[in-house]
Structure formats: structure tokens, C-alpha cells
């Protein structure tokens, strides 16, 4: 696969052109039998014992690299990367970069707590239409490990219905939770976080709906407390540390305020987040700190809650509220991804379930995390 | 186009005391390291690689690159003294410039990872340059894994490491040992961890291997 050539090389400047060399150059060197023992590195003592030249003028050999086939770029990231399947179904579209990581369910995970590779769901409620999907990240697929994201949505009777202003399924709850990749059973934690939120909401609804949205709604703390209690209880039953179930959570309650307006109250712990797409394009509901280097570390339930971020936003007909894991939020940093999603989901266009699943399955180089989104189109 | 990028720096001692088997082993292992990275598309999609050699001076032999575009790497060539100050200063300059460039291009940049390979006999007083490299107030300060080669000075190797240090135990040749290490590291890369409220910027990108054939693991020493 490689050989060392002895030849004098002039000083390489920083930012040399080495990365710009044409790919074909390596073929100009004689091939070396890859099965040969590493005798292709010649003895170096004659050079090493010579008077030492300044490093900038040192006699350096060159190690020739034969790129493994797996490093070959799959080609430009264009719409042509989506090749029509013979039966008319398209492969996932590449929206950013040239991913070498494939996108296919691959090995079936083993273990007691594995969940389906993908979920797709949808529905209607009095406020609009829902499309939701949770897709195992291509990295989990590659390593044969299970999806750790979870999601859910439910409706509740509007407790104000008694005075005639509400309706039976008038309040929608949507949740997205992302079990931490470093924790072996976090897929249980993310599911439990969604279920515990669902179970906590009915008792909190009157307070949440009557809260005017100024200052923090104490219901955020109540929901977090309920989720933490559920996670700790479940971990206790399994006799595992509660951290093994560590998960993020973003939840939204959406209800009608008046004829033209819905209100959403969001509760967030960790790096799952939310966006609104409206007449002025995409707006993040939460602003991430972009100052330093990126870290996959996140605040998480139940033991590293950090901040509980509660926010209230008003939505009008035509708005789209997206709750998502960072498996969607991170690739949305690319303008091409944001623009394509706006093209698919903006201006009130609601995809069919199969369309939505295919759209959410887009590929972007280096982004191989589980991807989950619950999309609410307000009507 | 935004990507998540792990900048990975190999900082190699090529002083005279590394001549012979140690530097030959590193030269042998470079294509193997490349192959290990290339064999894993998860890592290949995220990793950028830079090679710096140092003796009396430090020199960037391969600027931070996507390995799929690299067709040759200048080999290490042993000779001269061992100046850690120049090595750490050049590494800090490179990281500073590379991270700024990548972030300006819209990328999410993981905390850089450094493999430091040396036999651990510096000729200089290097603590000041090392503190500048590892200063928590300098936002892209790297995670450093240090490897002791040959008859390495264990205490120096421990002091340079921020994360973990490894001493070659002689059961494997240095090239094989380094390859084993790369394989272990690459197979454990990219897992999220919990963020602690006390250290919101913390959390490790690299999950360190518990056992690497051919190496004895020793804890890093805070200096």
C-alpha cells in the first residue's frame, strides 16, 4: 500500500499544495505488493547519522499514500445523487458535502432494548396537521447500534372548554427526546421522557394555559421534575444508574388563542431544539452558543439538567413549528439544507407521509446522528 | 456547506534520539493510520489530519487535510535536538489558524485531538509553551494523548498528556502498537457525553480506549 522514496524535498511551506495534488498522482509511483512485509521502509541510518541539516533543508523521504477505496468520494453532492430506484422510489438525497458513510439500515442491532430503525407518523388536530419522523442515524446504522431518539404527540381536552371557548382535542403536546450516545440504554430514557411528559401535562394544563407567557412558566420545572422522577424510578427498577437513561427533551404545548392565532409553550433541556418557518423564513426558537469549539456534551435529564429553557411563541396560519433533535438541527446549519427544507415544507405545503419520510432522510456529510422531527403546520 | 470536523494533529518527535526504530515505526505507521481512518467512513467524513515533525524546530509536514485528497506525506527524518517549546508553539499556531478558518467556513469544529509521540527527553524548559497550548481560557485548547516510545521518560510523557498517556511496553513493535492505538481510538470516537453544570464547555469528544495492545496506560498528570 505504501513505499518510502528517498529524494530531497525543498522546504514545504505552510498551507502547501499537497491537498491539491491530482488524485491520479499516486499511480505514477510503482505499485508495491501490499502483501509484502514492511521492508519497503529502507534503513535510514545513513541519513540519520549524517551531520544534521537545519530541519527546513532536511533530506526527507516521501511516504506515498494509496487511498483505500472506501475513501473515494462518492461524487459531487447534487440532486443527481438521488438515483431513481427501478420501481420509482428515490434513494435519500445528498444535501451537503460528499458523505462516504452510506445510508441504509444495515446490521440489525442486538440487545434487549432495541427499537425500530425508523418511525413515521402523522395526524390532524383542530389546529393543523402533523408529520413526524424518527430515523436511526447513519452512524448507528454503520455500527449496528439502535436508534436512541424518541418522539410522540398527543391531544388533550382544552380545560377552558367548559365556557365554550375550547374544544375536545384542542391542546396538542409534541415531544422530541434524544438519548445520549454515550449511554447504553438511553433509548429507554428518551421514550420515558416523552411518556412522562404526556402523563404530567393534564394536571398542569389549567396553569399552563392561564399563564400569560411573561417570565418563566413554573410548569417547565414541573414537567422536568416529573420526567426526572420517572427516569430515576425506572433506572431503580432496572438496577442501573439513572445516568444510563440520560436524555434531552424538547416539548411544546400548542393551543388556540383566538381565531387567527395559536400559542406554543416550549420546554427544553439539552440540545434538542425547535424552529419556526413562516413568512420570513426559518427562525430558531432557541439560540445555541457558537463561540467555542463544538462539543457533543449536552445538558440532560435526569442528573445534568442545567438550564430549563421555557419560551412562548405565537403562531399564525401557515406557520410551521418543528421540534427536532440535533440530528436535524446540526445539518440545518448548512444553507442548502435550510433552503431545501423550506422548499419542501414552507408556504403551507404539507408533504404526504412517504414524502416526509424521504425528505427527512436526506444525507449530509459528517452528520450521522439520529434525526427526529415533529412538524406542526398551523392552519 | 457546514460539517462537523474533528481536527487531528500528529505531533512527532524526530530528534536524533528518535533515530532508528522509533522514527521508522512512525513512518511505517502513517499509511496504516491513514488506512484505519479511511476504512471507517464515519471517521473519514469528519476527520481532518495534520502532521507536524519537530526536533530543534517544528515543521508542518502536512497541513490540516482531508485524507481522501492526500497522496503523499513527507516522512519523518531523525536528527537534531528536542525542543518542545517550538513544537508546542507551532502546534498552537496551527490549531488557532485552522479552527478560525474552519469556523469562518461555517463548520462545527470539535475540540482538536493531538497525538504526541516522543521519547520524552526535551533539551529545553517547555512549561510556558505547554501552558499556553493547554490554557483553558484559549477556547480551542486540544485534548492531548501522549505516547512514549523507545526508552521514554515516563514522567515527561505523563506531563505532556492532558487526557491519557501510553507507554510502549515492548510486546508489540512500535508500528504495530501505534496502529493498534489508532484502531482503538477510531472505534471509540464520536460519542456524546453529559455536560456538567460546573463545566458547560466540557465533555469529551474522544472516548478513550481502556486497553490498547502494546501499551501500558498511565494517567495524565496535571502540572
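Only the coordinates and a few stated rules stand behind these numbers; no lab work does. Just so it is clear, the model here is predicted, and its values are computed rather than measured. With ideal geometry, Cβ positions are generated from the backbone for all residues, glycine too; neighbour counts draw on all protein chains shown.
A compact table of results
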{"read-out": "Spacing of the two label points (7 Å from each Cα toward its C-beta) at residue A:257 and residue A:307, in nm", "value": "2.3"}
{"read-out": "Residue exposure sequence - A:322, B:23 - by fewest surrounding Cβ within 10 Å", "value": "A:322, B:23"}
{"read-out": "Residue order, fewest to most beta carbons within 10 Å, for B:50, B:12, A:228", "value": "A:228, B:50, B:12"}
{"read-out": "Other protein chain Cβ atoms within 10 Å, averaged over every residue that makes up B:28-36", "value": "5"}
{"read-out": "Estimated translational D of the range A:195-319 in µm²/s (Stokes, Kirkwood radius over Cα pairs; 10 °C; 1.306 mPa s)", "value": "100"}
{"read-out": "Length added when fully stretched, residue B:105-residue B:137, from 0.36 nm per residue minus Cα-Cα", "value": "9.2 nm"}
{"read-out": "Pairwise FRET efficiency - residue A:113 versus residue A:91, Cβ, R0 = 35 Å, nearest 0.05", "value": "0.75"}
{"read-out": "Net length gained if the chain between residue A:221 and residue A:339 were fully extended (0.36 nm per residue, minus Cα distance)", "value": "39.0 nm"}
{"read-out": "Residue-span extension gain [residue A:317 to residue A:120] - 0.36 nm each, minus C-alpha spacing", "value": "68.5 nm"}
{"read-out": "Averaged over B:58-66, number of beta-carbon atoms from partner chains that fall within 10 Å", "value": "5"}
{"read-out": "Least to most buried among A:372, B:47 (fewest other Cβ within 10 Å first)", "value": "B:47, A:372"}
{"read-out": "Pairwise label distance in nanometres, residue B:155 with residue A:229, each label 7 Å out on the Cα-Cβ vector", "value": "5.6"}
{"read-out": "Inter-chain Cβ neighbour average for residues B:14-20, partner chain, 10 Å", "value": "3"}
